[in-house]
Ligand code: HAM
């Protein structure tokens, strides 16, 4: 028997409705804030990710699905959506036509990660990116949007963790301070950290093994230049004005190298300590780094698999069929097909047995389909040109003319949630 590849999975009817509900809600809420959808390819040239996400990150060093195609090009299944979005922004010279761009995307991402609750090798993100402004109030506005989105879905116990990563200038001083603090004891850190120490010392703060020791190290916020400190002050003030609570997390670095200034993650009750439901931040140098103009950016991505694990049971429940058509005797089949066609044309969700079976078997199927009503057609109904509508909850029956199904359709539609 074939199985889905480890750490990938199928999403079946029953669960898919919850995904559709979350995706639909995101589209609606994000649009209110001016975000429009972009779809980029699932694979890109490998270099796009090594250059933007960073060689020293876990994603690039250990987790990418990279392959050589038949044209001997090195391609990678996208591990995240920001680099492709920025690549598209630059490639299509979007900045020439608009000074502010708000895009969102939804789709699968790929990372070769260790199998764990809430961690998959193919997972889905919904992300949003703002390109063209470095106003701190925009950071707060976008965070407000996504926190409101989580709140509206009823996700319990969310905590917004906030930090500033500074800019290229002030990070130099921080790097020196961190190097000096680590130097005497780096030999006692994990192997990854020892390597990171030489190559990109900031990544030590992202260590999953020596987490508690990281708390003792110098933090970026104490080394911010005046411009970055003021930017961070305004982000915090705008969040407070908007009534969005946050927790300062001076050692939060995020697992990608392109961040500058604001960085944030949201954790939720019910996910392991290391698992965020979403993360994001500012990346003011990325557009230029990928060959575009000097345009600042800010965004986030939500892990949909994790979000759906946290979604309350009653959200996004599947809706059953509206009507199940029951055929009593084969002579009623043609009329039943006709009625089925009419009801579907009117927009109802209608089930019909593929062949004539016992009424009992058809009723069982109607129940299983979750239908609210049965539309019954037997010899009497056909003779009289009528349809009997039975409300399955209490057995109440009404009779309707087959030639004018308007009242029947109305009754069924009124019963929808
Ligand atoms: P990220 O923190 O790497 O950021 O991923 C964002 C979210 O994707 C995580 O918080 C998590 O919920 C989900 N996620 C990541 N890896 C997995 C996995 N293996 N299985 C399930 N869920 C996962 C980014 O990707 C940035 N591009 C976000 C961003 C957008 N920054 C600026 N703009």
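Laboratory data are not the source of any read-out in this text; all were calculated from the coordinates shown. Not measured: the values here are computed from a predicted model. Glycine also receives a Cβ, built like all others from the backbone with ideal geometry; neighbour counts cover every protein chain displayed.
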In a Gaussian network model over the chain where Cα atoms closer than 10 Å are linked, find which of 328, 235, 53 has the largest mean-square fluctuation.
-> 328
Cα-based Rg / Dmax (Å) for segment 124-276 = 16.3, 49
Looking at segment 277-383, what % of its DSSP beta bridges pair antiparallel, to the nearest 5?
-> 40 percent
Could you tell me what fraction of 2.2 N^0.38 Å the Cα radius of gyration of segment 161-241 comes to, as a two-decimal ratio?
-> 1.20
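What relative contact order, as a whole-number percentage, does segment 170-263 give when Cα pairs under 8 Å and 6 or more residues apart are counted? Numbers along the way, then the final one.
On the way: 69 pairs, mean separation 29.2, N = 94.
Relative contact order of segment 170-263: 31 percent.
Determine by what factor the alpha-carbon radius of gyration of segment 280-417 differs from 2.2 N^0.38 Å, reporting the quotient. Could you put the intermediate results ahead of the total?
Details: Rg = 24.4 Å, N = 138, 2.2 N^0.38 = 14.3 Å.
Against the empirical 2.2 N^0.38 Å value, I get 1.71 for segment 280-417.
Report the relative contact order of the chain, percent, no decimals, based on alpha-carbon pairs under 8 angstrom and at least 6 residues apart. Walk me through the numbers before you get to the answer.
Details: 721 pairs, mean separation 67.2, N = 417.
Here the relative contact order equals 16 percent.
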Could the peptides 275-284, 34-43 be put in order, highest first, of the mean number of other beta-carbon atoms found within 10 Å of their residues?
-> 275-284, 34-43
Among DSSP beta bridges whose residues both lie in the chain, state the antiparallel percentage, nearest 5.
-> 80 percent
Tell me, what are the semi-axes, in whole angstrom and largest first, of the equivalent ellipsoid of segment 200-278 as set by the roots of 5 times the Cα gyration tensor eigenvalues?
-> 22, 19, 11
To the nearest 10 degrees, how steeply does helix 136-153 sit against the main Cα axis of the chain, on a 0 to 90 scale?
-> 40 degrees
According to the square roots a ≥ b ≥ c of the eigenvalues of the Cα gyration tensor, what is the shape class of segment 64-201, taking rounded for a/c under 1.5, prolate for a/b larger than b/c otherwise, and oblate for the remainder?
-> rounded
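Could you sort the peptides 310-318, 393-401 by per-residue average Cβ neighbour count (10 Å cutoff), highest mean leading?
Details: 310-318: 13.6, 393-401: 11.3.
With the highest mean Cβ count within 10 Å placed first, the list reads 310-318, 393-401.
In nm², what is the average projected area of the convex hull enclosing the Cα atoms of segment 99-164?
Details: hull surface 25.0 nm².
The directionally averaged projection comes out at 6.3 nm².
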Computed from every Cα-Cα pair in segment 264-330, P(r) in 5 Å bins starting at 0 and rounded to whole percents is 3, 12, 14, 11, 10, 10, 9, 8, 6, 5, 4, 3, 2, 2, 1
Relative to the chain, whose Cα atoms define the longest principal axis, helix 359-368 and its Cα axis are tilted in degrees, nearest 10, by 20 degrees
Between segment 90-137 and segment 336-413, how many Å separate their Cα centres?
-> 46 Å
Who wins for biggest fluctuation among 329, 54, 154 in a Gaussian network model of the chain, springs between alpha carbons below 10 Å?
-> 329
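Ratio of Rg to Rh for the chain, alpha carbon only, Kirkwood? Intermediate values should be presented prior to the final figure.
Values: Rg = 27.8 Å, Rh = 24.8 Å.
Rg/Rh for the chain comes to 1.12.
List the relative contact order of segment 45-116 as a percent without decimals, with contacts defined as Cα pairs under 8 Å and 6+ residues apart.
Working: 64 pairs, mean separation 24.5, N = 72.
Relative contact order comes out at 34 percent.
Tell me whether segment 324-385 comes out rounded, prolate or oblate; compute the Cα gyration tensor, take square roots of the eigenvalues as a ≥ b ≥ c, and use a/c under 1.5 as the rounded threshold.
On the way: a/c = 1.87, a/b = 1.11, b/c = 1.68.
Verdict is oblate for segment 324-385.
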Comparing 103, 349, 19, which has the greatest mean-square fluctuation in the GNM of the chain with Cα pairs linked when under 10 Å apart?
-> 349
